[in-house]
Amino acid sequence: MCGIVGYVGNDKTVDVLMGGLKRLEYRGYDSAGIAVLDATGSLNTRKRAGKLAVLTEDLAANPIAPGSTGIGHTRWATHGGPTDRNAHPHLGDEGRLALIHNGIIENFAELRAELLADGFTFESDTDTEIAAVLIGREYRSTGDLTEAFRRVVARLDGAFTLLAMHQDLPGVVIGARRNSPLVIGLGDGENFLGSDVAAFVQYTQRAVAIGQDQMVVITPDDVTVTDFSGNHVVTEPFEIQWDASAADKGGWSSFMAKEISEEPDAVANTIRGRVDGGQVVIPELAGLDELFLDINRIVIIACGTAAYAGTVGTYAIERWAGIPVTVELSHEFRYRDPVIDARTLVISVSQSGETMDTLMAVRFASESGAKTLSICNTQGATIARESDAVVYTHAGPEVAVASTKAFTAQITALYLFGLHLARVRGTQTPQFLAAQVEELQAVPDKIASILGASEKIAQLAHWMADSRAVLFLGRHVGYPIALEGALKLKELAYIHAEGFAGGELKHGPIALIEPGQPVFVVVPSPRGSAILHPKVISTIEEIRARGARVIAIAEQGDAAVLPSADEVIPIPLAGPLFEPLLAVIPLHIFAMELATAKGLDVDQPRNLAKSVTVE
Ligand code: F6R
């Protein structure tokens with residue numbers, strides 16, 4: 001939830017830290033701070049409540065002395081409110097040691113009591129300061145910062161990435177991680193640490209992901225990774241597959257606007273390299289045919305938007321591969337004694353690959369004997385590393401807190417997986433599968449055509465900016481799209497929004513309909529869904545009869561919808577299973593435009609953070 005950056009090298013430290021924090025601000029944005037060891041050997045810290053801009057302005061007005069060793073942090077508060085005092089870095093060893101932290105130290109109360117009994121006092125309400133003071137105390141007794149750090153992390157419960165530096169040790173930053181991400185950036189005469197590669201991609205394309213319960217010591221010319229017992233760990237560097245410009249706004253008004261505009265590319269890039277002779281062949285899954293022939297069910301686990309992508313995936317995988325597929329919220333799955341075994345494939349879907357709820361559910365699935373596959377957008381992420389296999393989505397870095405292009409890429413990856421599985425299991429003819437592949441390959445251009453005609457959606461959003469509540473209805477694959485439309489509106493525009501399965505309406509929710517109530521309806525194609533289409537049209541009639549204002553998202557030229565709905569947003573023709581990839585685009589645009597009309601920050605909605613690394 002917090003963003004972390006560390007640097008050792010030359011005197012551009014402040015620029016590296018602030019640039020890294022800018023790119024990591026999506027992870028948390030209620031306060032920020034840096035610590036820099038200057039040329040005279042003084043440790044200077046600066047930290048401010050509020051968005052990173054507040055710290056930036058402060059540093060512009062009163063520059064911090066340059067130095068070649070530093071750490072920086074952008075916070076999403078857990079213990080202690082978002083104040084200057086609680087912002088990181090926190091200090092230990094009488095102000096000679098600085099520490100930053102992402103995660104939650106669960107046994108902090110007990111450790112705090114121990115330190116209080118030992119006569120220590122605290123400046124903040126955070127769990128982080130406990131770790132800073134503990135490391136300082138150990139350093140006093142051992143005279144070895146790495147050993148002190150190791151002893152302390154071995155005592156911490158919960159989730160943490162910690163970075164520390166000490167006034168006695170210029171050119172050294174020490175890090176450790178458990179259940180929370182940390183990546184090394186390998187430079188020339190300089191090295192970097194970050195919560196993810198965005199922290200340093202401007203300076204280097206070579207990175208190493210640090211594994212669970214591992215520590216790292218970086219100096220300008222060396223990187224040493226060990227486990228928590230001090231045993232040396234052999235690491236495998238990887239090349240970052242996108243450059244710094246991919247993580248910039250590139251002239252767009254917001255990251256969200258840019259990322260919605262990238263939805264066609266996210267789909268196209270996720271398909272690229274995975275179609276051979278008209279059939280889906282996912283290279284990362286080579287050698288797993290036997291496993292795919294043996295499994296007898298699939299459980300998809302994910303949270304939020306990723307779970308809605310997973311729900312869309314269930315319809316396609318069951319239809320194509322003829323295997324039972326269910327979807328579950330990761331945080332519910334692991335606490336309800338699910339019956340899974342070696343013939344269950346558990347697919348996790350996660351943009352960040354760091355969502356704690358999903359990570360814990362993946363571990364639970366592995367421990368229960370199931371096979372695990374992850375669909376992930378972040379190279380080297382923990383969930384990807386800990387799964388038996390991974391299919392990466394190639395959406396590029398997603399910076400806006402609300403997920404958009406990752407959602408369409410996740411559906412695409414699930415569809416590719418469904419087509420791969422159907423081929424391996426022989427459940428469909430090659431001709432049928434080739435036709436689905438063609439449909440999927442046509443999606444990017446169709447999304448682009450919706451983006452090109454988004455004026456009407458923006459207008460609707462501006463008219464509806466004062467709405468108190470908005471409802472969303474859909475059936476079949478349109479149902480998860482209704483849920484996604486509602487979630488986006490809630491999180492961005494702070495408007496009460498609910499998504500319903502159209503068939504459920506008469507079982508209760510129809511009581512919500514009153515004159516003027518806006519209701520979005522995702523209408524299935526009359527050609528592709530001959531049975532469902534008239535039922536959805538009847539639903540529109542029923543709610544309009546009670547005064548609802550209906551905005552239909554419907555196939556271009558759907559004659560039945562025109563007289564029924566108040567507004568129609570047309571989408572291009574597509575097979576029924578491919579409609580969700582199109583119908584969701586107007587809903588992404590609508591939520592962004594409505595939030596913008598209300599003057600809200602669409603990239604950093606209140607109370608949220610992009611990567612939810614606490615349970
Ligand atoms: C909503 C949104 C969240 C994420 C969820 C899972 O717009 O972005 O609901 O989808 O927190 O995140 P990942 O995919 O990183 O596991």
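Points to keep in mind about this one:
- Placing unit charges on the Cβ atoms only, positive for Lys and Arg and negative for Asp and Glu, gives the stretch 206-326 a dipole magnitude near 480 debye about its Cα centre.
- Each Lys and Arg Cβ is given +1 and each Asp and Glu Cβ -1; about its Cα centre, the chain then shows a dipole of about 1160 debye.
- The antiparallel fraction among DSSP beta bridges confined to the chain stands at about 60%.
- Ranking Val152, Ile105, Thr142 by how far each Cα lies toward the positive end of the dipole of the stretch 95-157 (charges on Cβ) leaves Thr142 at the top.
- Relative contact order of the stretch 512-585, defined on C-alpha pairs under 8 angstrom at six or more residues apart (%): 33
- Dipole of the stretch 500-589 [Lys/Arg +1, Asp/Glu -1 at C-beta], most positive-end residue of Val550, Pro524, Thr539: Thr539
- Packing-based order for 62-75, 475-488, using average beta carbon neighbours within 10 Å, highest first: 475-488, 62-75
- Relative contact order, percent, the stretch 477-615 [alpha-carbon distance under 8 Å, six or more residues apart]: 28
- As a rough guide to protection, the peptides 502-514, 536-548 ranked by mean Cβ packing within 10 Å, highest first, stand as 536-548, 502-514.
- Prolate/oblate/rounded call for the stretch 362-459, Cα gyration tensor, a/c under 1.5 rounded: oblate
- Here the stretch 95-253 is assigned +1 on the Cβ of each Lys and Arg and -1 on the Cβ of each Asp and Glu. Its dipole about the Cα centre then comes out at about 120 debye.
- Ranked by the mean number of other Cβ atoms within 10 Å per residue, highest first, peptides 152-163, 415-426 order as 415-426, 152-163.
- Here is the tail figure for the chain: Cα pairs spaced more than 50 Å apart come to 13 percent of all pairs.
- The relative contact order of the stretch 1-140, computed from alpha carbon pairs under 8 Å that lie at least 6 residues apart in sequence, is 26 percent.
- Within the same chain, aspartates and glutamates fewer than 8 places from Lys258 are excluded, and of the rest, those with a Cα less than 15 Å from its Cα are Asp248, Glu398, Glu593, Asp601, Asp603.
- Scanning the chain for DSSP H helices at least 18 Å long along the axis (C-alpha atoms) with a Kyte-Doolittle mean no lower than 0.0 picks out 128-142, 304-321, 405-425, 430-451, 478-493, 532-545, 579-597.
- Filtered GluC sites (Glu not before Pro), the stretch 43-152: DSSP coil and at most 16 other beta carbons within 10 Å: Glu94, Glu106, Glu123
- When the chain is described by a simple charge dipole with +1 on each Lys and Arg Cβ and -1 on each Asp and Glu Cβ, the residue from Gly278, Leu451, His507 located farthest towards its positive end is His507.
Throughout, read-outs are computed from the coordinates displayed, never taken from laboratory work. The shown structure was predicted, so the numbers you read here are calculated from the model rather than taken from an experiment. Here the Cβ is made from the backbone with ideal geometry for all residues, glycine too, and neighbour counts use every protein chain on show.
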